[in-house]
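For reference, the structure I am asking about is given below.
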Amino acid sequence: MENDKNILQDTHGRDHTYLRISLIERCNLRCSYCMPEEGVQLSPKSHLMTYEEIYDIAKTFVKHGVTKIRLTGGEPLIRKDIPVILEKLATLPVELSITSNAVIIDKFIDVLKVNGVKNINVSLDSLDEEKFKHITRRNEFKKVYNNILLLVKEGFNVKVNAVLMKDFNDNEIIDFINFTKDLPISVRFIEFMPFDGNKWDISKMVSYKEVMKYVNASFSEKEIERLQDAPNDTSKNYKIKGYKGSFAIISSVTNPFCDSCNRLRLTANGQLKNCLFSSGESDLLTTLRAGKPIEPIIQKAVQAKLKIRGGMNTLEKLQEPKLHNNNRSMITIGG
């Protein structure tokens with residue numbers, strides 16, 4: 001195949017070494033920014049990738065340069081064959097990680113350890129039990145909180161992802177930072193992003209600058225330490241001197257990190273998305289099931305990747321509903 005070794009490099013010179021694989025569209029929570037209130041139309045089971053298909057597609061990506069795979073959902077741990085999926089993917093020469101809401105993660109500690117999963121991202125948008133119940137439409141706060149403590153105790157690298165929304169949890173920014181005082185975790189504040197059905201409005205978004213206003217009002221300049229960001233990092237990282245953990249801001253709306261983007265996403269029904277903001281998808285599963293090579297489709301999808309946010313290169317475009325209402329809801333893309 002022409003340019004075989006470069007099928008994961010796009011026209012902007014970005015090499016894609018990180019694949020996020022959604023295992024399932026279902027979830028045991030109902031977070032409002034992720035899932036529309038009325039729920040979502042789930043793909044029929046026959047349209048979802050089997051564990052063999054997940055492995056075959058992942059193996060193809062690894063062959064062409066992917067070095068990191070993150071499993072997402074929905075909630076990936078509610079998939080019944082998750083132990084088999086982890087076992088298969090653990091045979092590939094990649095860093096394997098997972099994003100979970102941590103409701104049932106205590107049952108999977110051994111499975112995660114035996115398959116070399118060290119990095120776990122936990123979605124948690126409030127440290128207040130009532131607010132947690134309001135946003136997730138479920139009463140699981142204590143379980144999630146205790147499981148975060150358990151993961152730390154068991155030696156996992158834990159990142160806590162909080163989607164900030166104005167007048168809802170922006171008054172918890174300092175509480176979240178103080179959560180890192182005695183725990184070696186990283187709390188990451190994520191700007192609220194537009195997806196189908198999540199009633200996105202730029203006025204609900206808490207920007208990077210606004211987060212830092214809260215930080216600067218609560219801590220002195222000497223206490224706030226700017227950390228070195230990792231290559232291809234989506235976040236700007238900080239810590240408070242003397243705290244065991246750190247915090248970061250993922251500013252995908254006001255300050256996108258598209259220049260160094262190295263990510264691709266595979267949905268649970270086998271569609272490749274070259275950008276979280278793009279409504280375009282490329283069907284890998286049908287081709288795989290037909291016994292044909294998927295590399296040409298991967299290469300075409302990567303070559304079609306636009307430079308910034310699926311073409312929404314200004315805040316004005318981002319505020320145009322018709323440009324993101326054709327995109328899936330977050331739960332069916334994969335967190």
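Exactly one condition in (1) open to solvent by 30 Å² or more (accessible area, probe 1.4 Å); (2) under 30 Å from Q9 (Cα atoms); (3) charged (D, E, K, R); (4) touching a residue at least 12 places away in the same chain (Cβ under 8 Å) is not met by K292; state its number.
(4)
Moving on to the next point. Given (1) open to solvent by 60 Å² or more (accessible area, probe 1.4 Å); (2) farther than 22 Å from I54 by Cβ, where does E87 come up short, assuming only one miss?
(2)
Further question on the same structure: V158 - would you say it is under 19 Å from L124 (Cα atoms) and either open to solvent by less than 20 Å² (accessible area, probe 1.4 Å) or touching a residue at least 40 places away in the same chain (Cβ under 8 Å) (or both)?
Working: under 19 Å from L124 (Cα atoms): yes; either open to solvent by less than 20 Å² (accessible area, probe 1.4 Å) or touching a residue at least 40 places away in the same chain (Cβ under 8 Å) (or both): yes.
Spelling it out, V158 is indeed under 19 Å from L124 (Cα atoms) and either open to solvent by less than 20 Å² (accessible area, probe 1.4 Å) or touching a residue at least 40 places away in the same chain (Cβ under 8 Å) (or both).
Among the numbered criteria (1) more than 20 Å from S22 (Cα to Cα); (2) of a type in the set (A, V, I, L, M); (3) in a helix (DSSP H, G or I), which single criterion is violated by L112?
L112 satisfies all of (1) more than 20 Å from S22 (Cα to Cα); (2) of a type in the set (A, V, I, L, M); (3) in a helix (DSSP H, G or I) except (1).
Which of the residues that make up region 209-244 are closer than 19 Å to T180 by Cα, assigned to a helix (DSSP H, G or I) and of a type outside the set (A, V, I, L, M, F, W, C)?
K213, Y214, N216, S218
Cβ contacts < 7 Å: first residue touching a residue at least 40 places away in the same chain (Cβ under 8 Å), restricted to region 79-108; second residue open to solvent by 20 Å² or more (accessible area, probe 1.4 Å) and in a helix (DSSP H, G or I), any location; separation 6+ or different chain. Result?
Pairs found: I85/Y51; V103/K143; D106/L150.
For the subset of region 64-84 comprising residues that are open to solvent by 10 Å² or more (accessible area, probe 1.4 Å), assigned to a loop (DSSP other than H, G, I, E, B) and of a type outside the set (D, E), which member is farthest from I148 (Cα to Cα)?
So, considering only residues that are open to solvent by 10 Å² or more (accessible area, probe 1.4 Å), assigned to a loop (DSSP other than H, G, I, E, B) and of a type outside the set (D, E), the one farthest from I148 (Cα to Cα) is H64.
A further question on this structure: I'm trying to understand the selection: among the residues of region 250-259, which are touching a Leu at 6+ places or on another chain (Cβ under 9 Å) and open to solvent by less than 30 Å² (accessible area, probe 1.4 Å)?
S252, V253, C258
Do we have K239 as touching a Gly at 6+ places or on another chain (Cβ under 8 Å) and either surrounded by fewer than 22 Cβ atoms within 10 Å (Cβ to Cβ) or β-branched (V, I, T) (or both) here?
The answer is yes for K239.
What do you reckon, is E130 charged (D, E, K, R) and surrounded by 15 or more Cβ atoms within 10 Å (Cβ to Cβ)?
In short, no.
Next question, about the same structure. Working carefully through the options F141, F132, F176, find the one that is touching a residue at least 40 places away in the same chain (Cβ under 8 Å) and of a type in the set (F, W, Y).
None of the others qualify; the one that does is F176.
Hey, among T60, T11, which residue is hydroxyl-bearing (S, T, Y), outside any helix (DSSP H, G or I) and modelled with pLDDT of 85 or more?
Of T60, T11, the one residue that is hydroxyl-bearing (S, T, Y), outside any helix (DSSP H, G or I) and modelled with pLDDT of 85 or more is T11.
When you go through F219, F189 one by one, which is the residue that is modelled with pLDDT of 85 or more and crowded, with 20+ Cβ neighbours inside 10 Å?
Details: F219 fails: crowded, with 20+ Cβ neighbours inside 10 Å.
Sole residue among the options that is modelled with pLDDT of 85 or more and crowded, with 20+ Cβ neighbours inside 10 Å: F189.
Here is a follow-up. Return only the number of the condition from (1) within 22 Å of the chain's Cα centre (by Cα); (2) open to solvent by 20 Å² or more (accessible area, probe 1.4 Å) that N262 does not satisfy.
With (1) within 22 Å of the chain's Cα centre (by Cα); (2) open to solvent by 20 Å² or more (accessible area, probe 1.4 Å) applied to N262, the lone miss is (2).
Now for a separate question. So how many residues does region 266-281 have that are without any contact (Cβ under 8 Å) to a residue 24 or more places away in the chain and surrounded by fewer than 21 Cβ atoms within 10 Å (Cβ to Cβ)?
Restricting attention to region 266-281, the residues satisfying the condition of being without any contact (Cβ under 8 Å) to a residue 24 or more places away in the chain are 271, 281.
When the remaining residues are screened for being surrounded by fewer than 21 Cβ atoms within 10 Å (Cβ to Cβ), the result is 281.
Total meeting the criteria: 1.
The values are calculated or read from the model by the stated rules, or taken from the named source; none is laboratory data. Given the structure is predicted, the values throughout are model-derived calculations rather than measurements. We place every Cβ from the backbone using ideal geometry, glycine too, and count neighbours over all the protein chains shown. Note: accessible area is taken over every heavy atom of the protein model, side chains too, but ligands, DNA and RNA are not part of it. Shrake-Rupley method; radii C 1.70, N 1.55, O 1.52, S 1.80 Å.
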